[in-house]
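The values are calculated or read from the model by the stated rules, or taken from the named source; none is laboratory data. Remember, predicted model here, so these are calculated numbers, not experimental data. Heads up, the Cβs are rebuilt from the backbone with ideal geometry, glycines too, and the neighbour counts pull from every protein chain shown.
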Amino acid sequence: MVKIDNYISIVDQSVIDDLKLLAEKLKGKVIQQINSTSVGGGVAEILNRVVPLLKELGVDTRWDLIKGGEQFFEVTKKFHNALHGRPQDLTQHDFDIFLETSQKNIEEVNIYGDILFIHDPQPIALIKKKSENKWIWRCHIDLSNPHPKVWNFLKDFIMNYDSAVFSAPGFSQKLPIRQFLISPSIDPLSEKNKELPQETIDSVLKKYNISQDKPIITQISRFDRLKDPLGVIEAYLQVKKYINCQLILAGGTATDDPEGLKVFAEVKEKAKLDQDIHILLLAHNDIEINALQRASTVIVQKSIKEGFGLTVAEALWKAKPVVASNVGGIPLQIKHKYSGLLCHSIEGAAFAIKQLLNSPEYAKKLGENGKEHIKNNFLLTRHLRDYMLLFLSLYHKEDIVYL
Amino acid sequence: MAELRKAKEPFRFYTRLHLSELTGLRASTLSQLLNLLKEVSGSSIYHHTHRFLQQHQYLSPEPPNDFAYWVADALGEDELGERLASIDTVQYSTIRALRDKIVLTIDDYLKNNPLAKLKFAHQGEEFHFIKSISFVIPTSHTAYDLEGFTEILKKITIDSIYFHIFEARLRLERQTNDFSNWIETSVGDKEMADDISKLDPYTHTLEDLRKIIIRIIERRIYGKNR
């Protein structure tokens, strides 16, 4: 079990001391976090890390789940896609299912916290139980272009919260409540991000028959159209005309996601064009993902839409030069030409990859800057600090707060 | 080594942590940016002219404010970007005065370059006004003399250095920084206080600033060769 003091070697004692100072200011408050699942997905992943560390710091944090059947989660999946701006076939029946399950949760979930921290749309209706306590709605979704029908439906709930939290400035909406910007984070001590011995990296490359003799371009993402794996192959093929290199596309695909399986099949088909393209299905193998990132010459994240894009932070943390689309939370992580290269098209991605492969010193500098940027802004310790500041902000309305 | 005098008053180190509040205000054109610049809160001007230093402290002295970066990067107005980046922030001891200068710079530019009004940022690249909510917290570190002061300075966070140099100076409308103020009034060394106060903090990274201040003090304590 990772302890808060384990992070001292990465972020310095003084940063941890600040966390302890903040935690003291929250003594006596109970923070109740609520979401819909304890495993799988980014929200559960971050809560699994944040909750024990907040507890260790002395902030009384507890975590509860709502319940829902298959139909409910089908509806919330549609909500999720609609909020991402993808058209969905939503009927009144869908909204009725959502409200019905929500009502059961309102009746069954025990609300005891001084501060209720509600994650994403699934438990949003619990706000109906609001009394003297403070309520925060934490949105982990890219809301830059939400489907109005779903957004307006959810907005009626959100307006009753004390504050809302978004991951990127472009996700904020016109709301009568305070809205905060808190980016997600990566855990530098997790299997996905910790330092690895060279032998581990070598053995993973060997396992997948990846040569160390030519540059490696990698995109780590699930096989989803929004991650544009076919576009990455196109970009790679354009680079390959000039530079002998290889491509790794690695990630998982949910077996219950027919669209994902279709994309995977298309990617496999297209990969036949070039024997240096490695398509790897690697769901839940964090050490291998870590090793592949560390072995890469350039890392790509050519998403069409992105909630935040933590794979970019993971790559930058490993001081890798990154080429990524200018979408979602990616521009928060990459300042173009300072800490990576942003692109808007397949051609742009190909050009940027070529630039980095041909200018290793420049690529190295971008990677180093990127690592420093992630260290200062996107590690779990910053996330803990922001959450504690957020809790404190509920009791202070002024712009400068003296604690 | 010079004799170390105990300070008349101890120096208590504070830290300043901030939370970013989204205002929901966004600009796609220079005219929109200009109008919003006139009406947003001081905390928002502060955020966009100072947070950059903290977030990208390793990049300094790169564009020192978000406005400069955005007009160059999203609108392609490199000349205006340069003018905004080169505003001598250290000259302005209030956010009000700094805001006026930024507004005037954009206003002048638009008068001379009316076509710039026609440029707009692509969807997703708009300028989003954010404001900083600052939390000022006393740390457990207190210095009673210069030696203790430098020892603490070596280990406190950059947020603490930031608070005592920038926050004290600009946002709280004080003419000097907390370190110089203490060294002058409590330690009684005006020359050293002036040396620190003369630094332009906007053109150093925060880590560099830490090193330079430590060097100034240690030279004083231990002699020139240190």
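See the values below:
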item	result
Residue that is of a type in the set (K, R) and surrounded by 22 or more Cβ atoms within 10 Å (Cβ to Cβ), where the choices are B:K198, B:K131, B:K190, B:K154	B:K131
Counted residues, the range B:116-136 - those being farther than 27 Å from A:S345 by Cβ, assigned to a strand (DSSP E or B) and more than 8 Å from chain A (Cβ to nearest Cβ)	1
Index of the failed condition, A:E306 passing every other in (1) touching a residue at least 12 places away in the same chain (Cβ under 8 Å); (2) away from every other protein chain (no Cβ under 14 Å)	(2)
Residue check for B:D78: surrounded by fewer than 21 Cβ atoms within 10 Å (Cβ to Cβ), within 14 Å of chain A (Cβ to nearest Cβ), over 27 Å from A:K375 (Cα atoms) and not aliphatic (A, V, I, L, M)	yes
Condition met for A:I289 (more than 14 Å from chain B (Cβ to nearest Cβ) and either in a loop (DSSP other than H, G, I, E, B) or modelled with pLDDT of 95 or more (or both))	yes
Sole residue being out of contact with any Leu (no Cβ under 8 Å at 6 or more places or on another chain) and of a type in the set (A, V, I, L, M, F, W, C), chosen from B:A97, B:A121	B:A97
Matching residues in the range B:19-31 - criterion: being part of a strand (DSSP E or B) and touching a Phe, Trp or Tyr at 6+ places or on another chain (Cβ under 7 Å)	B:L19, B:S20, B:E21, B:L22, B:T23, B:L25, B:R26, B:A27, B:T29
Which listed residue is crowded, with 19+ Cβ neighbours inside 10 Å, closer than 26 Å to A:L226 by Cβ, out of contact with any Ser or Thr (no Cβ under 7 Å at 6 or more places or on another chain) and away from chain B (no Cβ under 13 Å), from A:K318, A:K335	A:K318
Complete set of residues in the range A:23-38 that are buried (at least 18 other Cβ atoms within 10 Å of the Cβ) and part of a loop (DSSP other than H, G, I, E, B)	A:L26, A:K29, A:S36
Enumeration of residues in the range B:114-128 that are surrounded by 14 or more Cβ atoms within 10 Å (Cβ to Cβ) and either without any contact (Cβ under 8 Å) to a residue 12 or more places away in the chain or farther than 18 Å from B:F67 by Cβ (or both)	B:G124
Checking A:Q13 against (1) within 14 Å of chain B (Cβ to nearest Cβ); (2) surrounded by fewer than 16 Cβ atoms within 10 Å (Cβ to Cβ); (3) at pLDDT 95 or above, the condition it does not meet	(3)
Out of B:R210, B:R215, B:R169, sole residue that is within 28 Å of A:V11 (Cα to Cα) and in contact with an Asp or Glu (Cβ under 9 Å, 6 or more places away or on another chain)	B:R169
Residue list for the range A:373-400, restricted to those being without any contact (Cβ under 8 Å) to a residue 24 or more places away in the chain and within 27 Å of A:Y7 (Cα to Cα)	A:N376
